[in-house]
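First the structure, in the form of structure tokens, and then the observations on it.
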Amino acid sequence: QAIKDGAHFARPAPEMALRVARPLRFRLTRLLRAGGADDAKPRWTLPEADYHKYTYQPSIPDKHFNIGHWNYAPITMWLRARRPAMERVIGDVYSTLTATGTAVWSPISANLDANLPGFGYKVLGLIGALIGYNLAVMYVTSRTEAWMFLEKMRLYAMGDELVKKGFFMSDAEEIHTRQHNYDHDVERLNHLWEEALADATEARSFDKLCEHLQVDPEKLPVKEIPKPISWRFSMMPYGRDDPDAKTFSFAPVDSPAASNYFLLDAGSSGDYIDRQDNKPNPIRKGRHMYTAAYMPPTK
């Protein structure tokens, strides 16, 4: 029965005989110069070694994209995990802003087209708006200029008063001022003593000596008694490395880097408060030649 069912697959005997009796034919093909044999083999997966040779660059294998890697920062994986949500938020914010802008601008645009048809009228309208803005600013300035001038003079008076009180003197200036006042007081008192002693000796009277101790309220030699401590601006704790300026310490991971080594930058990041330049000499004047990202001087 099987032979009978498969009879229609059988070929005639003469045809089979002729096919078997034909001689084998060989022919030479062109020499292929398209590359190595390994590159020509199709594959379904990427090999472990040299996987980048089999991909369109730039590309990252799935195992490196979805799991941690020895050379990936944790923030990279964190961002990748939240990329869909961030893209959704950014897309929604963009669509909301564009829709809001369109809703606000559409009636304005329609009003402009109705009242200022053509490009020329729109240019005239823009010029008129600028002139109106300048007139409004001029009006407000004319009404507030005197008050602003008085405010600036008041602030200047306060600053000048602090300067005269020595609030902005440095430590060296404070020491020099105190020493200068002390020397003047010593010279004045010595001169007063010599003059009083000479008059008392000439008159041979102790009362004559005491007369020089009388003080004229209208001409006081000393304005005020020097304070042991003068409160000055330079006494305030400041600076990145000043322990008195830190209420709570920071973890090392949250502290700023002392230099831009990750940018292959020469020098440090400087400290503006301590007036520390971020470039040492002799490259300070040519800082633009020694920076990966330009950092202005802190002076």
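The values are calculated or read from the model by the stated rules, or taken from the named source; none is laboratory data. Since this is a predicted model, take the numbers as computed values, not measurements. Neighbour counts are summed over all protein chains in view; Cβ atoms, including those assigned to glycine, are modelled from backbone coordinates with ideal geometry. Only protein heavy atoms, including side chains, enter the accessible area calculation; ligands, DNA and RNA are left aside. Shrake-Rupley method; radii C 1.70, N 1.55, O 1.52, S 1.80 Å.
One table, with the values for the structure above:
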read-out: Area of F168 that stays accessible when all protein chains are in place (1.4 Å probe, Å², to 10); value: 110 Å²
read-out: Label-to-label distance, nm, for residues given as D185 and D241 (7 Å Cα→Cβ offset); value: 3.7 nm
read-out: Listed residues T45, T141 arranged by accessible area, highest first, probe 1.4 Å; value: T45, T141
read-out: Exceeding the 24 Å Cα-Cα cut-off - candidates K165/K223; K164/K227; K152/K227; K164/K246; value: K152/K227; K164/K246
read-out: Distance from the range 193-210 to the range 95-158 (C-alpha centre basis), Å; value: 82 Å
read-out: Potential extension, T76-L124 segment - 0.36 nm per residue separation minus Cα distance; value: 12.0 nm
read-out: Modelled FRET efficiency - R0 25 Å, A251 with R83, Cβ distances, 0.05 increments; value: 0.35
read-out: Heavy-atom accessible area ranking, 1.4 Å probe, most first, across W193, W44, W147, W78; value: W44, W147, W193, W78
read-out: Nearest-10 value in Å² for the accessible area of I127, using the 1.4 Å probe; value: 80 Å²
read-out: Solvent-accessible surface ranking, highest first, for V104, V253 at 1.4 angstrom; value: V253, V104
